[in-house]
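Take a look at the structure set out below.
The values are calculated or read from the model by the stated rules, or taken from the named source; none is laboratory data. Treat the numbers as computed from the prediction; the structure is a model and nothing was measured. Because the Cβ atoms are built from the backbone with ideal geometry, glycine has one as well, and the counts that use them run over all protein chains shown.
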Amino acid sequence: MAASITASPLQSLVSPPHYIRPTFLMCPPQWYDVDYAINPWMASNLHRSSRDLAFTQWKALYEALQSVADVRLLHPEPGCPDLVFLAHGAVVHHGVAALSSFSHNERRSETPHLRAWMEQHGFLLWNTPRETAFEGEGDVLFNATGTELWAGHGVRTCRSSHRHVATAWHVPVHSLHLVDPRFYHLDTCFAPLAGGYLLYYPGAFDAASLELIEAAFPTTKRISVSESDATKLACSALNVGNRIYIGEVSDSLAASLQAHGFDVERLALGEFLKGGGGAKSLALRLSDLSTTHGMVADISERRSPAEGSAFL
């Protein structure tokens, strides 16, 4: 399989970006809608979304995340209603961005916009062949220390993409087979958390994959969610250090996360649930995991305004 890292002429003169604070990239839902169906969540919610309510919900997450992180903004683009789910567009680590190769044609127009932003900001780009389906942090997630990858396949993504993406950082990758079409992306059912914890829905995986998970995460570190919480996309949780931003999950799950030392903020994200995404899919991590999980206490320092704040 052909693979390459590309850099612009400017990038050859400077180092890739290095963030000293937790940093994420988000895209306002100016054009968000559910007007086609490429997953089961969308199929049952065609033309039932409210853009005004989606913006209100998105802004609540944006403002909450700003309390612990720097948040950059990508310009929303007409014809890209799912660009708001920016974490599906790439995986970022150590200044390298592995760009997605979307399975469905409806989302392929998103990639040039994210590519242009990444090039402008100095990232090295790891290219995925067009014929290899791979959808960013929707499909591939680093563990909490950034030393290995977990990757999902079986519903929408090629297993062959796993080794290709891992080669960008020369790290091991563990492949997990997704067997429930409701959980079409790994980030809908599997969330590595700070401190080596895992939030996951066991019913989304086959037996061999569960064995891999249980071998890697001891019982004391595994936080299993019920089917009811899983279908609220509880595992699409956005984690920054000891903070977790999550949808409207049950009191029992929130209590379990708190018992494991996390501060939990539950947010109304129902408009994005209609599109098959949760808190995690709405923000693409740019900072390394050591910074994302280790520097939260410093975020109270004065920050400059987020790029693109005019879109708000």
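Within region 129-142, the residues that satisfy the criterion of being touching a strand residue (DSSP E or B) at 6+ places or on another chain (Cβ under 7 Å) and free of Cβ contacts under 8 Å to residues at least 60 places away in the same chain are 130, 133, 134, 139, 140, 141. I need the full set of residues from region 215-273 which are β-branched (Val, Ile, Thr) and over 26 Å from residue 286 (Cα atoms), in order please. 219, 220, 225, 231, 249 - these are the residues of region 215-273 that are β-branched (Val, Ile, Thr) and over 26 Å from residue 286 (Cα atoms). The criterion of being of a type outside the set (Ser, Thr, Tyr), within 21 Å of residue 139 (Cβ to Cβ) and surrounded by fewer than 23 Cβ atoms within 10 Å (Cβ to Cβ) does not hold for residue 199. When the residues of region 262-305 are filtered to those that are surrounded by 20 or more Cβ atoms within 10 Å (Cβ to Cβ), in contact with an Asp or Glu (Cβ under 7 Å, 6 or more places away or on another chain) and of a type in the set (Gly, Ala, Ser), the one that is modelled with the highest pLDDT is 281. Answer yes or no: is there a residue in region 202-215 that is hydroxyl-bearing (Ser, Thr, Tyr), farther than 28 Å from residue 22 by Cα and surrounded by fewer than 23 Cβ atoms within 10 Å (Cβ to Cβ). Yes, region 202-215 contains a residue that is hydroxyl-bearing (Ser, Thr, Tyr), farther than 28 Å from residue 22 by Cα and surrounded by fewer than 23 Cβ atoms within 10 Å (Cβ to Cβ). Residue 159 meets each of the listed conditions (1) closer than 26 Å to residue 109 by Cα; (2) surrounded by fewer than 19 Cβ atoms within 10 Å (Cβ to Cβ); (3) within 18 Å of the chain's Cα centre (by Cα) apart from (3). Under 6 Å between Cβ atoms, which residue pairs at least 6 apart in sequence (or on different chains) link something in region 31-42 that is closer than 9 Å to residue 82 by Cβ and without any contact (Cβ under 8 Å) to a residue 12 or more places away in the chain with a partner that is of a type in the set (Lys, Arg) and in a loop (DSSP other than H, G, I, E, B)? No pair meets every condition.
Among the conditions (1) β-branched (Val, Ile, Thr); (2) buried (at least 16 other Cβ atoms within 10 Å of the Cβ); (3) without any contact (Cβ under 8 Å) to a residue 40 or more places away in the chain; (4) not in a helix (DSSP H, G or I), residue 171 misses just one, which is (2).
Note on region 230-277: residues that are in a strand (DSSP E or B), under 25 Å from residue 218 (Cα atoms) and touching a residue at least 60 places away in the same chain (Cβ under 8 Å) amount to 4. Among all positions in region 141-152, there is no residue which is under 18 Å from the mean Cα position of the chain (by Cα), outside any loop (DSSP other than H, G, I, E, B) and at pLDDT below 95. Among the residues of region 31-61, those that are buried (at least 16 other Cβ atoms within 10 Å of the Cβ) and in contact with a His (Cβ under 9 Å, 6 or more places away or on another chain) comprise 33, 34, 38, 39. Find the residue count for region 181-206, including only residues that are hydrophobic (A, V, I, L, M, F, W, C), farther than 20 Å from residue 220 by Cα and part of a helix (DSSP H, G or I). The total comes to 2. Of all the residues in region 78-105, those that are in a helix (DSSP H, G or I) and touching a strand residue (DSSP E or B) at 6+ places or on another chain (Cβ under 8 Å) number 3.
Do you know which of the residues in region 64-116 that are within 19 Å of residue 273 (Cα to Cα) and acidic (Asp, Glu) is surrounded by the fewest Cβ atoms within 10 Å (Cβ to Cβ)? Checking each candidate, the answer is 106.
Of all residues in region 36-77, count the ones that are in a strand (DSSP E or B) and not basic (Lys, Arg). Looking only at that region, the number is 3.
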